[in-house]
Amino acid sequence: NPYAGLVSHLRAAWLSGKTRPMEYRVAQLEALGRFLDEKKQDILEATAADMGKPSFEAYFTEILLCKNELNNTLNNLSHWMKDEHVDKNLVTQLDSAFIRKDPYGVVLIIGPWNYPIHLLLVPLIGAIAAGNCVIIKPSETTKHTERLLAEMLSCYLDNDCFAVVTAGVQETTRLLENKFDYIFFTGSPTVGRIVMTAAAKHLTPITLELGGKNPCYVSDTCDVQNVARRVAWGRFFNAGQTCIAPDYVLCSVEMQEKLMPALREAITEFFGSNPRESPDFGRIVGDKQFRRVRALLCSGRVAIGGQTDEQERYIAPTVLADVLPSDPAMQEEIFGPILPIVVVANMDEAIDFINARPRPLAIYAFSCDSKVVNQVLERTSSGGFCGNDTLMHVTLTSLPFGGIGNSGLGMYHGKFTFDTFTHHRGCLHRNMGLEALNALRYPPYTQQKLGLMTATFEIKRRGMCTLL
């Protein structure tokens, strides 16, 4: 296997204990911070070259949010690493019972192309913080960013413990044949199944950050202008190539009629009368992806936008009205600047519509009535939820981010990333003496011993006070 030597090299480094001291982890994290600072312009240029990503969007997602994760980790690492002492029973009162935060070992992080820095470095921050050695595999689709990571990260991180592998599908398949101690994958459900199958051969634990069709319910009681701006921003950010973007809107026919002019106004406000000329609107990442997204325009009727240019890989911010559940745009995750609107009679029908489909990565609900938002939250299931806005829940390091069911497995961000790459090792350290306390558990067994054992080990339910 072409990667066996690299994996063995990193495993030897991990077994040496090099990555375990807090000082080492902090030094590597600080080096990652210097990479983000010193290569800021290179990152902006690479993401612009790969997919026309506006510098504002690139700085916000690829640099600022990464630095937030980094600084949050550095601020809290000493606390996260400490042994966590736990409750004890009567028998173990004189002993030490604690959870040790151990690194897994050698981990593999496979990143996608839509946020090629952020979705690699945020998991990497947690993997380093937890004391692991790491191989990271950037997406081959975003070639400029892949080259930047491959050439530059080695100048900042310890090459004995961290490596970047550039690989296409065939090479990645060979890479996955190696035994890793943890695998973190971000991408499509189809490839996620392949990664999970490879991990299963070695019983390797795994996090899958996938995607899906994120519904956005808009009730009849809302501020239409605010809804239009927030939904348009979330849908057309990064030219719609965001795994948590609102994938389609569910609303009444009356709300659809009100939303159309408000969405048209928001799109013009954001990108001008011709979004193709706007410096703030990106492009589709590749020809294959462009053709796939363009084919979805036949769904419903084009109410706003719809213009395309294959040479530029440009698809205008588009809203499709009167889309049917059977239309092509409703059969797959759109991952482009197209927003279908599906008409439902009411909130109950919207909730039934959502629950009849695979559980999404995010659900959005808009209403001036908080009871409506809470109803959607309580009666549905998704990786995350955001009421009266889009995307913003992902900016908080205090919230876990991850999917459920078809949209993924596991979670990260902030301490959740540290925990993902940490084995929580249950430990009990007993006193060598006081053997008389252990006599109860040794044969020959008696009813008296069983009664005493029950009294010392039993956990009783707390009593409930009854008023007579």
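The values are calculated or read from the model by the stated rules, or taken from the named source; none is laboratory data. Computed from a prediction, not measured in an experiment: that's the story for all the values here. Neighbour counts run over all protein chains shown; Cβ positions are idealised from the backbone, glycine included. Remember, those area values only see protein heavy atoms, side chains included, never the ligands or the DNA or RNA. Shrake-Rupley method; radii C 1.70, N 1.55, O 1.52, S 1.80 Å.
Below are the figures for this structure:
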item: Residue in the range 414-426 that is farthest from the chain's Cα centre (by Cα), counting only those that are over 21 Å from S188 (Cβ atoms) and open to solvent by less than 50 Å² (accessible area, probe 1.4 Å); result: T422
item: Filter result (open to solvent by 50 Å² or more (accessible area, probe 1.4 Å), part of a loop (DSSP other than H, G, I, E, B), under 22 Å from P275 (Cα atoms) and in contact (Cβ under 8 Å) with a residue 12 or more places away in the chain) within the range 294-337; result: Q307, E310, E312, R313
item: Whichever residue in the range 366-400 is within 22 Å of T73 (Cβ to Cβ) and not in a loop (DSSP other than H, G, I, E, B) and, among such residues, is most open to solvent (accessible area, probe 1.4 Å); result: M392
item: Complete set of residues in the range 414-436 that are part of a strand (DSSP E or B) and of a type outside the set (V, I, T); result: H423, H424, R425, G426, C427, L428, H429
item: Test result for E265, closer than 28 Å to G52 by Cβ, open to solvent by 10 Å² or more (accessible area, probe 1.4 Å) and either modelled with pLDDT of 95 or more or in a loop (DSSP other than H, G, I, E, B) (or both); result: yes
item: Helices (runs of 4 or more DSSP H) (entirely within the range 1-100) containing at least 1 residues that are open to solvent by less than 20 Å² (accessible area, probe 1.4 Å) and of a type in the set (G, A, S); result: 4-15, 22-38, 40-51, 55-58
item: Residues located in the range 201-222, provided they are among the basic types (K, R) and either surrounded by fewer than 18 Cβ atoms within 10 Å (Cβ to Cβ) or free of Cβ contacts under 8 Å to residues at least 24 places away in the same chain (or both); result: K201
item: Meets criteria (modelled with pLDDT of 95 or more, under 30 Å from F421 (Cβ atoms) and outside any loop (DSSP other than H, G, I, E, B)) for L208; result: yes
item: Which numbered condition T92 misses (of (1) closer than 23 Å to I117 by Cβ; (2) among the β-branched types (V, I, T); (3) over 22 Å from the mean Cα position of the chain (by Cα)); result: (1)
item: Output for the range 427-459, where each listed residue is farther than 12 Å from N89 by Cβ, of a type outside the set (A, V, I, L, M, F, W, C), surrounded by 11 or more Cβ atoms within 10 Å (Cβ to Cβ) and under 49 Å from the mean Cα position of the chain (by Cα); result: R430, N431, R441
item: Spans of helices (runs of 4 or more DSSP H) in the range 107-187 with at least 1 residues open to solvent by 30 Å² or more (accessible area, probe 1.4 Å) and out of contact with any His (no Cβ under 7 Å at 6 or more places or on another chain); result: 143-152, 169-175
